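The values are calculated or read from the model by the stated rules, or taken from the named source; none is laboratory data. Worth saying up front: this structure is predicted, and the values here are computed from it rather than measured. Glycine gets a Cβ as well: all are built from the backbone with ideal geometry, and neighbour counts include every protein chain shown. We work out accessible area using only protein heavy atoms, side chains counted, and drop any ligands, DNA or RNA first. Shrake-Rupley method; radii C 1.70, N 1.55, O 1.52, S 1.80 Å.
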Amino acid sequence: MILKEMPSYQVLTEKAKRYPNLDVLITEAYLHVLRTGTILHHNVERKLAKLGLSYGRFLVLSLLSKEDGPVPVCKLAELAGVTTPTVSAVLSGLVRDGLVRRVEDQADRRVVRIELLPSAQKILDDVLPLLIENHNNVMGDFSKDELKTLVSLLSRVRLDTNYLEACEQ
């Protein structure tokens, strides 16, 4: 889902009367970040779908391409931020399609590692330039200083969120 229309300042001000801890500016900024991230994610999903890839498959292939050698399924799930069963479901399709293969760990037979095959690297080599072009089209109108400021601000948001999630566990 995408938040199509941002609530007006007046609507947020009215909500703040009902919920005294609602800071209108913080809420407005949060909703803009949320909406922007969702739109960017959907944009990439649509681009990948046109190329015959789901976002999940692309993410798993990208993560594997960054590693030196086969990666344990549990580590891959952690890197993707999903559960092991979720990543296993994606891997089944990738194995079936000849893009990755399962490798038994010689030291511990219970551990299954996943290896990226050359056919998957070829797909990444074809797809990544198109995604980079998309990134450039979306972000290209910003100056270097604006991009640095944006990265800095969003990094602070992300770090604070990671901290809050760690505290809740």
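A few comments on the model shown:
- Percent carbon-and-sulfur accessible area, the chain, ignoring ligands, DNA and RNA, probe 1.4 Å: 57 percent
- With all pairs of separate Cα atoms included, the chain yields a Kirkwood hydrodynamic radius of 19.1 Å.
- With DNA, RNA and ligands ignored, accessible area of Leu147 (1.4 Å probe; Å², nearest 10): 50 Å²
- Accessible area, probe 1.4 Å, largest first, for residues Asp141, Asp97, Asp105: Asp141, Asp97, Asp105
- Each eigenvalue of the Cα gyration tensor of the range 2-100, multiplied by 5 and square-rooted, gives one semi-axis; in descending order these are 39, 16, 10 Å.
- Residue-averaged [θ]222 nm for the chain, counting only DSSP H segments that reach four residues, each worth -39500 (n - 2.57): -23000 deg cm²/dmol
- Positive-end residue of Ser119, Leu79, Thr149, charge dipole of the chain with Cβ unit charges: Ser119
- For the chain, the tally of Lys pairs with Cα-Cα distances below 18 Å comes to 4, considering only residues 8 or more apart or on different chains.
- GluC sites (Glu not before Pro) restricted to DSSP loop in the range 1-104 with at most 13 other C-beta within 10 Å: Glu5
- Once all protein chains are placed together, Ser119 keeps about 50 Å² accessible to a 1.4 angstrom probe.
- Amide N of the range 13-52 lying under 18 Å from the label point, which is placed 7 angstrom from the Cα of Leu150 along Cα→Cβ: 29-45
- Sorting Tyr19, Tyr9 by solvent-accessible area of protein heavy atoms yields Tyr9, Tyr19, largest first, with a 1.4 Å probe.
- Per residue value of the accessible surface for the chain (all protein chains in place, 1.4 Å probe), Å²: 72 Å²
- With q set to 0.18, 0.29 Å⁻¹, the log10 of I(q)/I(0) for the range 105-156, from the Debye formula over equal scatterers at the Cα positions, is -0.76, -1.04.
- Which of Val11, Val95 is most accessible, then next, and so on - probe 1.4 Å: Val11, Val95
- Using C-alpha pairs below 8 Å separated by at least 6 residues, the relative contact order for the range 2-149 is 17 percent.
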